[in-house]
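Read the structure below first, then the notes.
The values are calculated or read from the model by the stated rules, or taken from the named source; none is laboratory data. The model shown is predicted, which means the values in this text are computed figures rather than measured ones. Here the Cβ is made from the backbone with ideal geometry for all residues, glycine too, and neighbour counts use every protein chain on show.
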Amino acid sequence: MSEVPPGSMGLTLQPYWSPGLRVPGPEAKGAIIGWGDVHTRGHLYRAILEGVAYALREGKERTEKRSHAAITDLRVAGGGSQSD
């Protein structure tokens, strides 16, 4: 994956796969956007990691806004947290 540049050459993933999500809303759908003949599995994998990372960032920012407190430490568990 290290050979795939940030942004996955325009490949974007919206990680809204679970039904009934509260944020951004229950109507949200997961999607892979921008797939082309230049993309490989590495691009898809990086797009997945980037999409999940942006979703975590959105949740962090939303929590900070509602709580009026800055989050300075964040712990992530599971297989994705062990990726390079």
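General remarks:
- Within the stretch 33-43, none of the residues are touching a strand residue (DSSP E or B) at 6+ places or on another chain (Cβ under 6 Å), under 23 Å from residue 78 (Cβ atoms) and not in a loop (DSSP other than H, G, I, E, B).
- Restricting attention to the stretch 16-51, the residues being within 19 Å of residue 81 (Cβ to Cβ), at pLDDT 85 or above and not small (Gly, Ala, Ser) number 5.
To keep it simple, each residue is scored yes or no on (1) part of a loop (DSSP other than H, G, I, E, B); (2) on the phi < 0 side of the Ramachandran plot; (3) surrounded by 11 or more Cβ atoms within 10 Å (Cβ to Cβ).
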site	(1), (2), (3)
29	yes, yes, no
48	no, yes, yes
53	no, yes, yes
56	no, yes, yes
63	no, yes, yes
66	no, yes, no
76	yes, yes, no
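- Pairs meeting the criteria (first residue in the stretch 43-70 and aliphatic (A, V, I, L, M), second residue outside any helix (DSSP H, G or I), beta carbons under 6 Å, at least 6 apart or on different chains) are 47/11; 47/13; 48/13; 52/15; 55/15.
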